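Every read-out reported here was derived from the displayed coordinates using simple, explicitly stated rules and does not represent laboratory data. This structure is a prediction, so every number in the text was calculated from the model and none was measured. All Cβ positions, even for glycine, are placed from backbone atoms using ideal geometry, and neighbour counts span all protein chains on display.
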């Protein structure tokens, strides 16, 4: 789908147009990364505000990520009929509606309305991802699609790094989340006001981004190759995707990856705040950058707010890893790098499960570094090998993000029955299976296998 250069100056114009279009679309990756990572402090906050169990608090992740399962294929059908930029603008309008619902939920203090708002917001993000991931792959040389998507995901990770810091500051000040903690009306009101503030700013950011993209639509559309609307129905797209073994394998890998990443992130605040990890320790404050971001309140141990800010380093690891991965992927095959990162992530989870203690807090944060390249490499590996059309494969892969809805519920239940740190056995199993997918992809390169 890349634009072929011509001997004339039009080749240079096309390349510069593709570069400008890539920069415009990359802004979207930052926005949805920020919004998604804001769920981590939100899970901890609603647990305290509404006195929820660990599993009930994970309904935040469920409401958000279930949208991917319900909306991805309709989104692929929409994109098959519209130019990508038109679909992206529709997605941003849906996200504005989700933010407005979240504002109503914060002011009325109604937890079910929080879930509705998150579902609407995630529905818009789903359309955005179905459109933007293959769009980035199309804006340039197909041989560098892994590089471009990983680079865009680096900016996505910048958003995920900043969101927990802001969210913990707004949602968790004075709010404790350990089981049995009593939350006063004053603390509850402060947390709800923080949620209101966050989504007011998000609403403004999305509106500004929408106006920017509307003004830039000709740049993006002009950089894309000619495209005819396929007009395929949702049923046709589903049938195509289900008929490809690689599309199904890639979908399972995405399901497991997102489920593992989200379940670790959404429980990280309570995990770090736990008495067996950092709850009674000042060790994190001795680490220069980490301690500065967490900002000690002078009381021994790590509070919920301080732990929530530390979660930024879980997502920050993904940001650093994607920047490094962008370079590595120009030298190492995507399946080989994916298998290596998945194997290391497995070992880190097993350390947390079987060793625990203060050191486990640092090890858990490091898992983010090895999550870094998993989504973009699974996505592009699958697109390269799938026998289904690009929109059908993309629709299935984005549907598979529903793993972020179900795996966290399972991890929440395991943590209720055991402890937060032992619940990481579930993500460990996910990473083992992702490693198996990558090893199969490495063998498929040699065999020339495409199904």
Percent relative contact order of segment 21-447, based on C-alpha pairs within less than 8 angstrom and at least six residues apart?
-> 27 percent
Just grab the label-to-label distance for residue 289 and residue 324, each label 7 Å out from Cα along the Cβ direction, in nm (one decimal).
-> 1.2 nm
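Order the peptides 368-378, 245-255 from the highest to the lowest mean number of other Cβ atoms within 10 Å of their residues. Can you show the working numbers first?
Values: 368-378: 26.9, 245-255: 23.2.
Answer by packing, highest mean first, reads 368-378, 245-255.
To the nearest 0.05, how large is the calculated FRET efficiency for residue 211 and residue 113 if R₀ is 22 Å and r is the Cβ-Cβ distance? Working shown, then result.
Values: r = 28 Å, r/R0 = 1.27.
In this case the efficiency is close to 0.20.
On a full-extension model of 0.36 nm per residue, what is the gain between residue 86 and residue 104, subtracting their alpha-carbon distance, rounded to one decimal in nm?
Values: separation 18, 0.36 × 18 = 6.48 nm, distance 2.81 nm.
Contour length minus Cα-Cα distance gives 3.7 nm.
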Can you work out the base-10 log of I(q)/I(0) for segment 70-121 at q = 0.18, 0.19, 0.29 1/Å, using the Debye formula on its C-alpha atoms alone?
-> -0.61, -0.65, -1.00
Tell me, how many Å apart are the Cα centres for segment 262-284 and for segment 350-396?
-> 21 Å
From the square roots a ≥ b ≥ c of the eigenvalues of the alpha-carbon gyration tensor of segment 297-385, which class results: rounded (a/c under 1.5), prolate (a/b over b/c), or oblate?
-> prolate
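Pulled fully out, how much extra length does the chain show between residue 358 and residue 432, if you take 0.36 nm times their separation in residues and subtract their Cα-Cα distance?
Numbers: separation 74, 0.36 × 74 = 26.64 nm, distance 2.51 nm.
Here the answer is 24.1 nm.
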Of the listed peptides 126-132, 434-440, what is their order by residue-averaged count of other C-beta atoms within 10 Å, with the highest listed first?
-> 126-132, 434-440
Relative exposure of 186, 391, judged by other C-beta atoms within 10 Å (fewest first) | 186, 391
Let me have the 222 nm mean residue ellipticity of the chain computed from DSSP H runs of 4+ only, each contributing -39500 (n - 2.57), with the sum over all residues rounded to the nearest 500.
-> -26500 deg cm²/dmol
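What number in nm² do you get for segment 237-309 if you take the convex hull of its Cα atoms and divide its surface by four? Don't skip to the end; give the middle numbers.
Values: hull surface 27.5 nm².
Projected area, direction-averaged: 6.9 nm².
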If one computes the Cα centroid of segment 177-209 and of segment 76-101, what distance in Å separates the two points?
-> 26 Å
The chain: angle of helix 185-223 to the longest principal axis, Cα-based, in degrees nearest 10 | 10 degrees
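Using Cα pairs closer than 8 Å and at least 6 residues apart in sequence, work out the relative contact order for segment 367-451, in percent.
Numbers: 27 pairs, mean separation 26.2, N = 85.
RCO, segment 367-451: 31 percent.
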Could you work out the relative contact order of segment 298-451, using alpha carbon pairs under 8 angstrom and six or more residues apart, expressed as a whole percent?
-> 34 percent
